[in-house]
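Everything below concerns the one structure shown next.
The values are calculated or read from the model by the stated rules, or taken from the named source; none is laboratory data. Note that the coordinates shown come from a computational prediction; the quantities given were computed from them, not determined experimentally. A quick note on method: Cβ atoms are made from the backbone with ideal geometry, for glycine too, and the neighbour counts reach across all protein chains shown. The area values use the complete protein model at the heavy-atom level, side chains included, leaving out ligands, DNA and RNA. Shrake-Rupley method; radii C 1.70, N 1.55, O 1.52, S 1.80 Å.
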Amino acid sequence: MGNSKNKHFVIDNRIEELSALAEKIDDLAKKWELSQALAMNINLVIEEAVSNIIFYAFADTDKHEIRILISLENSSLTIKITDDGILFNPLEQKQPEINLPAEERPVGGLGIFLISQIMDKMHYSRQKNQNILTLNKSIS
Amino acid sequence: MNIKKEKIGNFTVLKIKGRIDTIHSSALELEVNQQFDSGEKNLIFNCSGMDYISSSGLRIFLVAQKKAKAINGKLFLCDMQPAIQEIFRISGFSNLFRIFDTQEEALENQ
């Protein structure tokens, strides 16, 4: 029989919320007995996705909720991030050229790329007015 | 995040402790800009206490390297934790910097 754990976080679309969220994710990683390196990667992936949403997804100044679900089933880690911002498919982002020298390397555009490198699978869907980004990684 | 500064030979060593994330990266950017503005050309980032970096932190290092190159300065990194080294590797940043195992090795390149 498998072993399944879930944890839900809901934050507002304010960048300051990321600090408290990072602490909560570190606590969760300890509770789930994940390595420190994996805890860092989970935090990194969530920071990149959520900061993109906070900076670019909302045309208004209203409060919006961003939902984050972290689940671990046996050795499969899934992170699902849901927001009600404008349609944005991160899988369609241009990949950065990572072999350029420093002088020619553009500043920025690395966030989504880091997610794609750290996680094994990325899936995006638009359902009603929501962006749903689902990320999966095998941690065995 | 906090940064300790020390002038050693031709270098200013910036010892970074804590997280370089979306929220804290601007403090590092400010410090780096102040170093270049005050005429420093050669920087060593001692990363032994840096336990987290995201793309906003990588951005600060890239901008610093561009500035250092433009003034023929030296910008070295040293003593990085393995998880941070991995982020530098997958982003292609390992090729943009000279990264030393220890601060002493970095300082030998005056």
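So, R0 is 30 Å and r is the distance between the beta-carbons of B:Ile71 and A:Ser19; what FRET efficiency does that work out to, to 0.05?
0.30
Mind jotting down the distance between the C-alpha centroids of the stretch A:1-38 and the stretch B:1-39, whole Å?
29
Taking the Cα centre of each part, how many Å lie between the stretch B:60-110 and the stretch A:77-135?
26
Can you work out the accessible area per residue across chain A, with the rest of the protein chains kept in place, probe 1.4 Å, in square angstrom? Show your work: numbers first, answer last.
On the way: 7930 Å² over 140 residues.
So chain A comes to 57 Å² accessible per residue, rounded to a whole number.
With a 1.4 Å probe, what is the total accessible area buried between chains B and A, in Å² rounded to the nearest 100? Write out the running numbers ahead of the final one.
Values: alone 5980 and 8940 Å², together 12860 Å².
Chains B and A together bury approximately 2100 Å².
Under 27 Å between alpha carbons, and skipping anything fewer than 8 positions from B:Lys67 in its own chain: which lysines qualify?
A:Lys94, B:Lys4, B:Lys5, B:Lys7, B:Lys15, B:Lys17, B:Lys41
Pop out the carbon and sulfur fraction of the accessible area of chain A as a percent, whole number, probe 1.4 Å.
Details: 3740 of 7930 Å².
Carbon and sulfur together cover 47 percent of it.
Calculate, axis by axis, the spread of Cα positions in the protein assembly as shown along the three principal axes, and write the results as whole Å, longest axis first.
Here the Cα extents, ordered largest to smallest, are 58, 43, 31 Å.
Once you put a point 7 Å from the Cα of A:Asn74 and another 7 Å from the Cα of B:Glu105, both along the Cβ direction, what distance in nm separates them?
Going by the 7 Å Cα→Cβ label model, 4.1 nm.
At 37 °C and 0.692 mPa s, grab the translational diffusion coefficient of chain B from Stokes-Einstein with a Kirkwood Rh over Cα pairs, rounded to a whole number in µm² per second.
Details: Rh = 13.7 Å.
Translational diffusion coefficient: 240 µm²/s.
Quick one: plug the Kirkwood hydrodynamic radius of chain A (C-alpha pairs) into Stokes-Einstein at 10 °C, 1.306 mPa s, and report D in µm²/s. It would help to have the intermediate numbers written out before the result.
Details: Rh = 15.9 Å.
Estimated diffusion coefficient is 100 µm²/s.
Within straight cross-link reach of B:Lys69, meaning Cα distance under 16 Å, which aspartates and glutamates are found once same-chain residues fewer than 8 apart are removed?
Reachable aspartates and glutamates: A:Glu103, A:Glu104, B:Asp37, B:Glu40.
Once you place label points 7 Å from the Cα toward the Cβ at B:Ala27 and A:Asp27, how far apart are they in nm?
Calculated label separation equals 2.2 nm.
At a 10 angstrom cut-off on C-beta neighbours, averaged per residue, how do the peptides A:57-70, B:43-56 rank from highest to lowest? Don't jump to the answer; show the numbers that get you there.
Values: A:57-70: 13.9, B:43-56: 22.4.
Top to bottom by mean Cβ count within 10 Å: B:43-56, A:57-70.
Report, in deg cm²/dmol and to the nearest 500, the calculated mean residue ellipticity at 222 nm for chain A, where each DSSP H run with n ≥ 4 adds -39500 (n - 2.57) and the sum is divided by the residue count. Mind dumping the intermediate values first?
Values: 3 runs with 44 residues, N = 140.
So the calculated ellipticity at 222 nm is -10000 deg cm²/dmol.
If we count every other residue with Cβ under 13 angstrom of B:Pro82's Cβ, Lys/Arg +1 and Asp/Glu -1, where does the sum land?
Details: positive: B:Arg89; negative: B:Asp51, B:Asp79, B:Glu86, B:Asp101.
Net of charged neighbours comes to -3.
Can you pull the mean other chain C-beta count within 10 Å for peptide A:101-113?
Working: counts 4, 14, 5, 1, 7, 1, 6, 5, 2, 11, 6, 1, 4.
What the average comes to for A:101-113 is 5.
When only Cα pairs under 8 Å and 6 or more residues apart are kept, what is the percent relative contact order across the stretch B:2-107?
Values: 168 pairs, mean separation 27.5, N = 106.
Computed over the stretch B:2-107, the figure is 26 percent.
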